[in-house]
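> Take this structure, written in structure tokens, and hold onto it; I'll ask about it next.
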Amino acid sequence: MGGKIRTIELIANTASGSVGPAAPDEARAILAEFGDRANVCVPENGDVTGCLQAAIDRGPDLLVILAGDGTARAAAELCGVKGPLIAPLPGGTMNMLPKAIYGTTDWKAALRDTLEHGEERVIGGGEVEGRMFLVAAILGSAALLAPAREAVREGRPLVAFHRARRAWRRAFSGRLRYSLDGGPRGKAEAMSFMCPIASRALDDDAQCLEAAALDPAGVAEALRLGLHSVMGNWRDDPSVEAIACRRARVWASSGVPAVLDGEPARLSASVQVVWKNEVARVLAPPRKADTKARETLAETTARAGS
């Protein structure tokens, strides 16, 4: 780890998905191995936001997040590119950003590897209604399928089907309208915007979003699409059309349900989705040789339309 990292603040939310009560002491032990001036903060009474802000106010060189996706996104928003480096470790349920940065390793291995070999990396992200997303945003009916996707992950297909059917019945009336980079208007049940850090179709250093129009015809296709998203091959689904974009306008007849980096949100009836080149600085081990499928977006679009 570079010599400029002298002080570290670590947020350990023991109430989060994969963070147990022993995590704070385990983190202290790992940090002590490297002799850094470190402070481990455990939120009291569930006040993660207060704990996070207090840690940033102390001006550390590195802010380590051992919590859920929402806390990782909040840390990136608060620190920006001028604040402390961040290391969002896998401490939640979905761990979308940690997986994109550190892979599928556990948080202890990721922390050690980062402290030993970490390099500064500037990452971009998307913004919608003043809210950042660093991995992916889903707008529209598909955002209501999150409980169904969790059941799929847990190996409960029947529960997943019933949850998907309920979500479909709750779906807001009317389809989304959208325009990408000022182009022609389109219609879809939902829109997905994926950042380069998680996209198989975009280079990690691409300065744009991978936008996809999701258009399942009913609950069966919606559940299939949800399963594909869990398996990581949703672009291969015939109801998906994908294209690169930097700015999008999305509107509907009423407020739009959304999922931003795994966290549910409710957006206005008309929103702008914008790509930001630089939103935060992360500390992570050097990127390994790129093993992502290097499909062009044109090939993906052609296959989706076939």
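The values are calculated or read from the model by the stated rules, or taken from the named source; none is laboratory data. In this text the structure is predicted, and so the values were computed from the model without any measurement. Positions of Cβ are generated from backbone atoms using ideal geometry, with glycine treated the same way; all protein chains shown enter the neighbour counts.
> Could you please give the count of residues in the range 179-206 that are more than 26 Å from ALA100 (Cβ to Cβ) and free of Cβ contacts under 8 Å to residues at least 12 places away in the same chain?
Just the residues of the range 179-206 that are more than 26 Å from ALA100 (Cβ to Cβ), to begin with: 179, 182-187.
Going one step further and asking which of them are free of Cβ contacts under 8 Å to residues at least 12 places away in the same chain, we end up with 183-185.
Residues meeting the conditions: 3.
> Oh, and also: Taking VAL274, is it modelled with pLDDT under 55 and of a type in the set (A, V, I, L, M, F, W, C)?
Values: modelled with pLDDT under 55: no; of a type in the set (A, V, I, L, M, F, W, C): yes.
No, not satisfied.
> For SER253, which of the numbered conditions (1) modelled with pLDDT under 80; (2) farther than 23 Å from ASP69 by Cβ; (3) among the hydroxyl-bearing types (Ser, Thr, Tyr) fails to hold?
Result: SER253 passes all but (1).
> Evaluate the range 116-128: report whether one residue or more is in contact with a strand residue (DSSP E or B) (Cβ under 6 Å, 6 or more places away or on another chain), under 25 Å from ASP205 (Cβ atoms), of a type in the set (Asp, Glu) and not in a strand (DSSP E or B).
No: the range 116-128 contains no residue that is in contact with a strand residue (DSSP E or B) (Cβ under 6 Å, 6 or more places away or on another chain), under 25 Å from ASP205 (Cβ atoms), of a type in the set (Asp, Glu) and not in a strand (DSSP E or B).
> Now a separate question. Has the range 282-305 got any residue that is out of contact with any Ser or Thr (no Cβ under 8 Å at 6 or more places or on another chain) and modelled with pLDDT of 90 or more?
Yes, some residue in the range 282-305 is out of contact with any Ser or Thr (no Cβ under 8 Å at 6 or more places or on another chain) and modelled with pLDDT of 90 or more.
> Kindly indicate the residue of the range 110-160 that is basic (Lys, Arg) and at pLDDT 90 or above and also nearest to GLY35 (Cα to Cα) among those meeting that condition. Break it down into steps so the answer makes sense when it comes.
Within the range 110-160, the subset basic (Lys, Arg) is 112, 121, 131, 149, 153, 156.
Next, from what is left, pick out any that are at pLDDT 90 or above: 112, 121, 131.
Details: ARG112: 13, ARG121: 23, ARG131: 36 Å.
Top of the filtered list is ARG112.
> So, one more: What are the residues in the range 207-219 that are assigned to a loop (DSSP other than H, G, I, E, B), at pLDDT below 85 and either in contact with a strand residue (DSSP E or B) (Cβ under 9 Å, 6 or more places away or on another chain) or within 20 Å of GLY103 (Cα to Cα) (or both), if any?
We begin by selecting, within the range 207-219, every residue assigned to a loop (DSSP other than H, G, I, E, B); these are 207-208, 215-218.
Now drop any that are not at pLDDT below 85, which leaves 215-218.
Matches in the range 207-219: ASP215, PRO216.
> Confirm whether ASN13 is under 21 Å from LEU78 (Cβ atoms) and more than 22 Å from the chain's Cα centre (by Cα).
Values: under 21 Å from LEU78 (Cβ atoms): yes; more than 22 Å from the chain's Cα centre (by Cα): no.
So ASN13 fails the test.
> What's the number of the condition ALA32 fails, among (1) under 25 Å from the mean Cα position of the chain (by Cα); (2) of a type in the set (Gly, Ala, Ser); (3) farther than 29 Å from ALA137 by Cβ?
Looking at each condition in turn, ALA32 falls short on (1).
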